[in-house]
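K.L.:
This is the structure I have questions about; it appears just below.
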Ligand SMILES: Nc1ncnc2c1ncn2[C@@H]1O[C@H](COP(=O)(O)OP(=O)(O)OP(=O)(O)O)[C@@H](O)[C@H]1O
Ligand SMILES: Nc1ncnc2c1ncn2[C@@H]1O[C@H](COP(=O)(O)OP(=O)(O)OP(=O)(O)O)[C@@H](O)[C@H]1O
Ligand SMILES: [Mg+2]
Ligand SMILES: [Mg+2]
């Protein structure tokens, strides 16, 4: 299962991506986490300490070669993982796209294309999971970076700016041809907030793929410099993310 | 008062850039400054925080066309100054708002002309005498990408909006380094947002090695304004965030009087 996680700035994409990746890996699946944000922070929510971040390898530009049909990877996925990934807790493997200062042109187009081909190369085997954390921008959709994902979850908070961003991203993902697209409500504090998201989803004919409560363990984890899963493993938000992870990317029921 | 305020508001996703940029723009306008707000985020944000009506299509769409070699150029009779005069829209308190193309269902392609016109406009602003005594205030999308690719060439000062979290602090450090590598003389004003404890602001200042311009508390009023889909200044004018932005305006005025 290949899952792209999108949404407005600060909606919780990276917290949810990192936690999902860890939980699925704990459950025995092979998890490849891709940090597709040009402001990469996924290592932190996976539980890789901040001190290691400055030495983090990023994908080099020579992994992709232009061909007459388009583009192809110059190495196998296993080679790429072996030479460019970082191993995180629970055996999650992390690939980091790039920082903008690594781009030698006016955009990160080439790196987006590299990530697109890597996602394509991940096997369809139910035991293999790929989770793509994205930037708070439409790039992954307008550039087609996420086109080979099976599904996209747009993380939304219960307020208009966030819902509206989720809606626009969901529309783009639908048009890219992703099989399943849904909103996931995050930081929900009460029934009224959940109802607001449900009503919005219904009005725009969008699936609500799950709900994660507001959980003080998440900001707490950030303060402590730990992954949410390590800081508060029994927190209600962790349980909710576990449920969403298995519903969307668990072995065998990824397409349920 | 002659001011020389050319600002770009930057920071991590969700740090509060748009809320602070919008409240600051209106606060400065109420103090008598002429304010041009530049919204360079292809996703909705600033206009909602300003409480401005947004046209369905970006007005700048009409400002650019493809010329020889398929290259983008302004339409005949339009340059950076005209583009602003003609295509900026009114926001509350007299703020003028110029928006980049906003993402549509078909992606960015349908609004490419507006994106290009926006880029050409901000790159032409430096030479434009017409706006020399205006406050120019850009709200950038999350992260360092636009800073790295020169989307705030007008900025003489970055307003760094930083939460007291690792992710937010690391992001601010990346942006600072990129901005300074491009232009060593650019100034930084540190706004620590969503402060909950006494140690929060000093911790961020220490990490970034910058003095705190203002510390902005976590405030229920902001959440309530967002839920209501209203601008903070209209919904909760007495909010502690509004007061903190007043102090930010003082700091910026103090740093820019000639
Ligand atoms: N369920 C939750 N309850 C409480 N806080 C949360 C929850 N989920 C995320 N957060 C907090 O929200 C903030 C933003 O989260 P995160 O960085 O994961 O968002 P993002 O969407 O990846 O942001 P960006 O747009 O910068 O990539 C963090 O401080 C995080 O701790
Ligand atoms: N001082 C504050 N207290 C409480 N909530 C705040 C505060 N400042 C901002 N917020 C909340 O943080 C969220 C993000 O705010 P905003 O949209 O302004 O951030 P942004 O940095 O512009 O995000 P993006 O990266 O998506 O452009 C909103 O829900 C807003 O209400
Ligand atoms: Mg993120
Ligand atoms: Mg914003």
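Just so you know, all these numbers are worked out from the coordinates, no wet-lab data involved. What you see is a predicted model, and the numbers here were worked out from it, not measured in a lab. Counting neighbours? That spans all protein chains shown, and the Cβs are built from the backbone with ideal geometry, glycine included.
K.L.:
If we count other beta carbons within 10 Å of each Cβ, what is the order of A:22, B:247, B:157, fewest first?
P.N.:
B:247, B:157, A:22
K.L.:
Taking R0 as 56 Å, what FRET efficiency do you get between residue B:187 and residue A:125 from their Cβ-Cβ distance, rounded to the nearest 0.05?
P.N.:
Working from the Cβ atoms, E equals 0.60.
K.L.:
I'd like the distance separating the alpha-carbon centroids of the stretch B:175-252 and the stretch B:68-96, in whole Å.
P.N.:
Cα centroid to Cα centroid, the span is 30 Å.
K.L.:
What 222 nm value per residue comes from the helices of chain B, counting each DSSP H run with n ≥ 4 as -39,500 (n - 2.57) and dividing by all residues, nearest 500 deg cm²/dmol?
P.N.:
Result for chain B, helices only: -11500 deg cm²/dmol.
K.L.:
Helix A:13-26: angle to the longest alpha-carbon principal axis of chain A, degrees 0 to 90, nearest 10?
P.N.:
80 degrees
K.L.:
Using a 10 Å cut-off around each Cβ of peptide A:213-222, what is the average number of partner chain Cβ atoms that fall inside?
P.N.:
Rounded to a whole number, the mean comes out at 2.
K.L.:
From the P(r) of the protein assembly as shown, can you give the percent of Cα pairs sitting at distances over 31 Å?
P.N.:
Taking all Cα-Cα pairs of the protein assembly as shown, the fraction more than 31 Å apart is 42 percent.
K.L.:
Can you give the translational diffusion coefficient of the stretch A:176-256 in µm²/s, computed by Stokes-Einstein from the Kirkwood radius over Cα pairs at 37 °C and 0.692 mPa s?
P.N.:
The estimated diffusion coefficient comes to 234 µm²/s.
K.L.:
Now, a different point. Say a paramagnetic label sat at a point 7 Å from the Cα of residue A:83, along Cα to Cβ; which residues of the stretch A:47-72 have their backbone N under 14 Å from it?
P.N.:
Answer for the stretch A:47-72: A:58-65.
K.L.:
Between residue A:247 and residue B:228, how high is the FRET efficiency from 1/(1 + (r/R0)^6) when r is the Cβ-Cβ distance and R₀ = 35 Å? Nearest 0.05.
P.N.:
That gives a FRET efficiency of 0.60.
K.L.:
Follow-up question, since we're still on this one. Under 14 Å from a point placed 7 Å out from the Cα of residue B:246 along the Cα-to-Cβ direction: which residues of the stretch B:17-36 have their backbone N that close?
P.N.:
B:24, B:27-28, B:30-31
K.L.:
While we're here: Rounded to a whole number of µm²/s, how large is the Stokes-Einstein D of chain B at 37 °C and 0.692 mPa s, given Rh as the Kirkwood radius over C-alpha pairs?
P.N.:
Translational diffusion coefficient: 178 µm²/s.
K.L.:
Express in whole angstrom the spacing between the alpha-carbon centres of the stretch A:203-256 and the stretch A:68-138.
P.N.:
Comparing the Cα centres of the stretch A:203-256 and the stretch A:68-138, I get a distance of 23 Å.
K.L.:
Express in nm, to one decimal, how much length is gained between residue A:55 and residue A:216 on full extension, taking 0.36 nm for each residue of separation and deducting their alpha carbon distance.
P.N.:
55.0 nm
K.L.:
Given R₀ = 25 Å, FRET efficiency for residue A:191-residue A:224 by Cβ-Cβ distance, to 0.05?
P.N.:
Computed FRET efficiency for residue A:191 and residue A:224 comes out at 0.25.
K.L.:
On to the next question. Order by neighbour count: B:158, A:159, fewest other Cβ atoms within 10 Å first, most last.
P.N.:
The fewest-first ordering by Cβ neighbours comes to A:159, B:158.
K.L.:
Here's something else I'd like to know. With 10 angstrom as the radius, rank B:105, B:86 by how many other C-beta atoms surround their C-beta, starting from the fewest.
P.N.:
B:105, B:86
K.L.:
Shifting gears a bit: Please average, across the residues of B:78-90, the number of beta carbons from any other chain that are within 10 Å of each residue's own beta carbon, and give a whole number.
P.N.:
Across the residues of B:78-90, the mean count of other-chain Cβ atoms within 10 Å is 0.
K.L.:
Further, regarding this structure: Need one number: nm distance between label points at residue A:73 and residue A:205, each 7 Å from Cα along Cα→Cβ, rounded to one decimal.
P.N.:
The two pseudo-label positions are separated by 3.6 nm.
K.L.:
A follow-up question, please. Angle, helix B:112-124 long axis vs. longest principal axis of chain B, Cα atoms, 0 to 90°, nearest 10?
P.N.:
70 degrees
K.L.:
Another question about this same structure. Kindly provide the helix-only [θ] at 222 nm of chain A, computed as the sum of -39,500 (n - 2.57) over DSSP H runs of four or more divided by all residues, to the nearest 500 deg cm²/dmol?
P.N.:
-11500 deg cm²/dmol
K.L.:
Can you tell me the length gained on complete extension of the stretch residue B:206 to residue B:180, counting 0.36 nm per residue apart and subtracting the Cα distance?
P.N.:
Residue separation times 0.36 nm, minus the Cα-Cα distance, leaves 7.5 nm.
K.L.:
If you don't mind, another one. Arrange the peptides B:48-59, A:9-20 so that the one whose residues have, on average, the most other Cβ atoms within 10 Å appears first.
P.N.:
A:9-20, B:48-59
K.L.:
Other chains' Cβ within 10 Å of B:43-51 residues: what's the mean?
P.N.:
3
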